[in-house]
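Coordinate-derived values only; no laboratory data. Everything numeric here is computed off the predicted structure, so don't read it as measured data. Using ideal geometry, Cβ is built from the backbone for each residue, glycine included, and neighbour counts are taken over all protein chains shown.
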Amino acid sequence: MSPLNIKKGSSSHSAYDLRDPNSPLEETHTLAVLVANESGVLARVIGLFSGRGYNIDSLTVAEVDHEGHRSRITIVTRGTPAVIEQIKAQLARMVPVHDVHDLTAEGPAVQRELALFKVAGKGESRIEALRLAEIFRANVVDSTLESFVFEITGTPEKIDAFGDLMRPLGLREMARTGVAALSRGA
Amino acid sequence: MTKAMTGARMVVQALKDQGVEVIFGYPGGAVLPIYDEIFQQNDIRHILVRHEQGAVHMAEGYARSTGKPGVVLVTSGPGATNAVTGLTDALLDSIPLVVLSGQVPTFMIGTDGFQEADTVGITRPCTKMNWLVKDTEKLSETIHQAFHVATQGRPGPVLIDIPKDVQFATGTYTPREKIKATHYQPKVKGDIDQITRLVEMMETAERPLFYTGGGVINSGPAASQLLREMVEATGFPITSTLMGLGSYPASGKAWLGMLGMHGLYEANLAMHGCDLMINVGARFDDRITGRIKDFSPHSKKAHIDIDPSSINKVIRVDVPIVGDVGHVLEDMLRLWKARGRKVNKEGLAKWWAQINEWRAVNCLDFKNSEKTIKPQYALQRLEALTKGMDRYITTEVGQHQMWAAQFLGFEDPNRWMTSGGLGTMGYGLPASIGVQVAHPDALVINVAGEASWLMNMQEMGTAMQFRTPVKQFILNNERLGMVRQWQELLHGERYSHSWSESLPDFVKLAEAFGCKGIKCSDPKDLDDAIMDMIRYPGPVIFDCLVEKHENCFPMIPSGKPHNEMLLGEDDTQGVIGAKGAVLV
């Protein structure tokens, strides 16, 4: 509970957030936005970001409640505390938005991203790629005599690190899903 | 009772269910089935406009002057794109509108069909919400939901795009009362702890000030009544934005006049000098704040707004209260009375003494002339001659708009219709028609500049057809006055394309439309000419030739704080730096 007795995680709390509003430092926040799964809703949410000049570092969306027609949009965004508060308020007031959770502000959360890496090579570099994949707990999901496709899940930082290691070993292509996140605990 | 009917009939039925009496529209291929239904009934009146932008502004005038949502019907493609300016205008000024647009049949969507446009795509950023209805079964529910969304919370425009085959197909009509509650239920009651904090601050503040806006008017007449009661009971001074004029009467003792870029000296200095600012339904627009860094540096600020995203967007406030102005004012007043009606009497007396010194500057003073009509004088006379009448004012955008806000007094809410946020030239004439449709017996005057007025002058045809006796009071300086003023002050007097050449003869133009034209250029004739205009039972185009190079003062130049106002020509030399010129 905040000092103002407003329920944590409620989308209406943003105007009351009491962090230093004038901090010029940019923060990265992961927002979970629960929306009605109707056509045009994703465009409306994305349009808010482009129209008002906010950043999107990562965005994922999928239906999470088929019967209730709800989708969950996970957005990783950057901004000063004041901008982050404004983003949350702008999201929360949208008609098709049911709730907005700031997973970064609301306590510990787990974040995961899935990525596929295509790495081509022969000889020592091919073996090295496979060895590193084991260390990172990546799975081989496709293989030829000259290439692997690795599947890896983890935090964005872990995937970045894996990508950095694969680059000199023959990285050809990569595909990333963007972040999915949930708060820890019940 | 649910029953089967075509989509087109459903549209008309749903509008009737919602209590709609009038719609503004223009037919076309993709809405023909709906027009066929309109033809076969007499409950809803249809006003045929001359351009879809006019339809939306008329609906805005109608909505703003009645408090009810305005309804618009346009066809697909160009019909919908022409509505975009009006939708954006309504979004920025929080005007409830329901716009229905036709669309090509569902099986043609995406084929670049004739008069096809991605209407929901184009209007997404300029509506509060919009829908493309692909199934007749969902049509009536969507329309009822649209009215709910347009009017609840912070009001705004919504659009429903209806493909032609959906209008022809048969489905089940769901009446208004059978609609299941939507999750969209913005909260109207303010947090009582925050309200208590504000009341405590009000009890001790030495230099308090009410800064009110369009939210008071949107909240309904009861909110204006509560505001008046609060101001009278506390004795606090009050100023208002352009959008909020009329919520507190201009004749009231505590009234400081409008604030902002062309606001009154006493209002702006009170904003700068106050120690408690109570923002009631305003949004710290850049025309109000001037330079953010120096905005009201010594005050605690409270902000009452129904839209949480308005709070802390521009100005960080100390007491945020999310809620409907009417509900919050009621709680404030009740609490303040229950706690013993305390105010800081000594502080207030000093504060008023200070304010009265500022008032004595008489910032609206201007050099009058016996030879040419000064625009300020024209508005002073209009005010004097129409005072006490059942009067509604609309405006276009520019100098005349600011002078109207300065020189006309509004005693009641919903009497002043102007394009504030978007600043849409061409708003006033159609808006005046919309107001007149809602108030057939009232005196409706559009205070205009000749350049703005020409932008939607085709709507005089609408005024004639539907016998709306709107008075077009055009302050004609043969210039784009506000552009010219900025070029004089900011761009070295290089008047790039800011004069009106080849203007029509407005009297002949009036005759061409079949209404009355009046021309006046001599201050001595002005009163009689204005009375002629008022007495004439039909529409009038009044060509008031005014001083060409008059500037609008007071003025806070862009990028300056409130305490660096320009009061007149003598103040203008070299005051606006390059930084200010970048701002608008």
Which lysines does A:K158 reach when only Cα atoms under 17 Å apart count, and residues fewer than 8 places away in its own chain are ignored? A:K118
To the nearest 0.05, how large is the calculated FRET efficiency for A:S183 and B:V582 if R₀ is 51 Å and r is the Cβ-Cβ distance? 0.70
Which lysines, on any chain, are close to B:K350 with Cα under 18 Å apart, when same-chain ones fewer than 8 places away are left out? B:K253, B:K342
So, with points 7 Å from each Cα along the Cβ direction, the A:A120-A:E67 label distance in nm works out to 5.0
Going residue by residue through the stretch B:189-203, the Karplus relation 6.51 cos²θ - 1.76 cosθ + 1.60 with θ = phi - 60° gives ³J(HN,Hα) values, rounded to whole Hz and with x marking Gly or Pro, of 7, x, 5, 5, 5, 5, 4, 4, 4, 5, 4, 4, 5, 5, 5
Let's see if you can work this out: charge +1 on each Lys and Arg Cβ, -1 on each Asp and Glu Cβ, no other charges. What is the dipole magnitude of chain B about its Cα centre, in debye to the nearest 20? 1140
Residues in the stretch A:148-186 that a label on A:R112 would reach, taking backbone N under 15 Å of a point 7 Å out along Cα→Cβ: A:151-159, A:177-185
If I model a spin label at A:D160 and B:K367 as a point 7 Å from the Cα along the Cα→Cβ vector, what separation in nanometres do I get? 6.5
5 Å is the cut-off here: which amide hydrogens, built 1.01 Å from N in the peptide plane, fall below it relative to B:H51, excluding neighbours closer than 5 in sequence? none
Return the aspartates and glutamates within reach of B:K178: Cα separation strictly under 20 angstrom, same-chain partners fewer than 8 residues apart disregarded; answer none if there are no such residues. B:D17, B:D135, B:E137, B:E141
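Nearest 5 is fine: what % of DSSP beta bridges in chain B come out antiparallel, could you say? Present the calculation step by step, with values, prior to reporting the outcome.
Working: 6 of 71 bridges.
Once the DSSP bridges in chain B are tallied, antiparallel ones form about 10 percent.
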Per-selection metrics, the protein assembly as shown (Cα): Rg and Dmax in Å: 29.1, 101
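Given a Förster distance of 45 Å, report the FRET efficiency between A:H98 and B:E357 from their Cβ-Cβ distance, rounded to the nearest 0.05. Before the final figure, lay out the partial values.
Numbers: r = 53 Å, r/R0 = 1.19.
For R0 = 45 Å, the calculated efficiency reads 0.25.
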Would you mind pulling out the separation of the Cα centroids of the stretch B:451-472 and the stretch B:85-134, in Å? 26
Furthest towards positive pole of dipole, B:A302, B:V11, B:V22, structure part chain B, Cβ charges: B:A302
